[in-house]
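Below is one structure; the comments refer to it alone.
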């Protein structure tokens, strides 16, 4: 082995004064840039400079960035009438902030774990925040923002408001589903079977909950009677064989769908499964079209596939084409004009024509996974939140509903 001292540079005091002087003179003798070369340098236009900055920093097409969170942001909501947004994240914080200025209207403290849901109710009279440990707070928004109710349910997987009533719902790690009237706190508990309730969605009639569980089971619950209307267990030939990661309900008809880590999508009626399809990899999100005249549903996978299905025939209608086939899909939202919005792992927002599958537009700005999004038709804006610790507002280039 060579002596390590062979590669050790000499100490400064070992360099003789004459040698040091010579080094200085050599540096002084280096030629200066030629004047002609400076004159020949091309001027960079403002547009070219913007393009260079976009390549270096990443393009940002948002009109507002909220950066008060210190960790990834998981939940977002837009107030139905005020210029307010609410967000909740891994920093155990929730915020209400002005969508025009970014100014904080209210800080939601008191959580001791990741805030999974921080959302306004249907008419903007209440705001609910819930963390992964199951600590829930509800705030009344008239005459300021004041807490009127709280509850501790144990580890939580999801929480959602009823779309037309002051009713709050949440699925538990232990499998139960809690349903509360707000602000009285009257509670129904739909019992679990020891497996987490990974996903849940209210049906179009507002009376039932379609829920997916960690063991692959699906249950359609009657909320009023706390009973199971139908169930798909492992004994059924179409059943999921792994965790049900996502569910959706047709807003107009008694039809429901689920997506699982087994790569399967099930279509289910009140009487049980009516069909299934296989996709490319684990299904991360599913969504029925909100247009009653266009009876399709969409799915997104972490392998980057966005597919639109004819649910009457349980067949593939079209695969949406985009230039980032390995950019995994994290969320799906149907927007006006049959536009399907997909959020991705790389922070892109891809909007597809729901009929042809062609890419309509792309919005850039986030630097990592997009976790949630909400569209406001009144202002034609899109609110998004991301792993990159920010919330952003984009002007959405589609017409009003």
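Overview of results
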| quantity | calculated |
| --- | --- |
| Cα pair count fraction exceeding 28 Å, expressed as % - segment 128-279 | 20 |
| Prolate/oblate/rounded call for segment 316-381, Cα gyration tensor, a/c under 1.5 rounded | oblate |
| Ranking of 376, 250 by count of other Cβ atoms within 10 Å, fewest first | 376, 250 |
| Spin-label model distance (nm) - residue 353 vs residue 319, 7 Å beyond Cα toward Cβ | 1.9 |
| Stretch gain in nm, segment residue 310-residue 225, where the contour uses 0.36 nm per residue and the Cα spacing is subtracted | 27.3 nm |
| Cα point-scatterer Debye curve for segment 251-392, base-10 log of I(q)/I(0) at q = 0.10, 0.11, 0.14, 0.15 Å⁻¹ | -0.31, -0.38, -0.62, -0.71 |
| Spin-label model distance (nm) - residue 274 vs residue 143, 7 Å beyond Cα toward Cβ | 4.9 |
| Simple spin-label estimate for residue 207 and residue 188 in nanometres, 7 Å along Cα-Cβ | 1.1 |
| Calculated on alpha-carbon atoms, Rg and Dmax of segment 119-164 in Å | 10.9, 32 |
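Bear in mind that the values in this text are calculations on the coordinates, not laboratory data. Given the structure is predicted, the values throughout are model-derived calculations rather than measurements. Here Cβ is always computed from backbone atoms with ideal geometry, including for glycine, and neighbour counts include all displayed protein chains.
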